[in-house]
């Protein structure tokens, strides 16, 4: 079933809470639509990176989804930003975040390969939650 921006935002807040994200980051998302991106658990506001902000808006408009958090890392195949999303269809919400073990989760994301955009794709990633932040571990 198709959803509204408000419904997706509500779901995103629920997911941020499940990941035990630092409460001021959840508040920023809830009150001002501010998205946090993480590098090894440390959080930064996405608006601090103009190119990332542009990509988030592009993905949200193209796929009618809501980005609620981003991880950033370097891999052997390029620099990647993992945009955790709530898709437009609520039938797809069942497994957006699922426990792997205590502080590790599978999360549905759009992985943007900044070095080779052709290799960007949707899929599940493995993230770890700690210290109020997240990081991709697989």
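No lab work stands behind these numbers, since they all come straight from the coordinates. A quick note: this is a predicted structure, and the numbers were derived from the prediction, not measured.
Please report Rg over Rh for region 64-115, where both radii come from the alpha carbon positions and Rh follows the Kirkwood definition.
Working: Rg = 12.3 Å, Rh = 12.1 Å.
Rounded to two decimals, Rg over Rh is 1.02.
What number results when the radius of gyration of region 1-65, computed over Cα atoms, is divided by 2.2 N^0.38 Å?
Numbers: Rg = 12.2 Å, N = 65, 2.2 N^0.38 = 10.7 Å.
Rounded to two decimals, the normalised Rg is 1.14.
Extension gain, residue 2 to residue 53, is 15.9 nm, computed as 0.36 nm per intervening residue step minus the present C-alpha separation. Reducing region 70-123 and region 14-36 to their Cα centroids gives an inter-centroid distance of 17 Å.
With runs of 4+ DSSP H residues as the only contributors, calculate the mean residue ellipticity of the chain at 222 nm using -39,500 (n - 2.57) per run, divided by the residue total and rounded to the nearest 500. Walk me through the numbers on the way to the answer.
Details: 3 runs with 38 residues, N = 138.
Counting only the DSSP helices, I get -8500 deg cm²/dmol.
Mean-square fluctuations from a GNM of the chain, with a 10 angstrom spring cutoff on Cα atoms, peak among 37, 25, 118 at 118. Structure remark: mean-square fluctuation, Gaussian network model of the chain, C-alpha springs under 10 Å; the largest value among 124, 92, 82 belongs to 92. Counting every pair of alpha carbons in region 5-136, the share spaced more than 19 Å apart comes to 43 percent.
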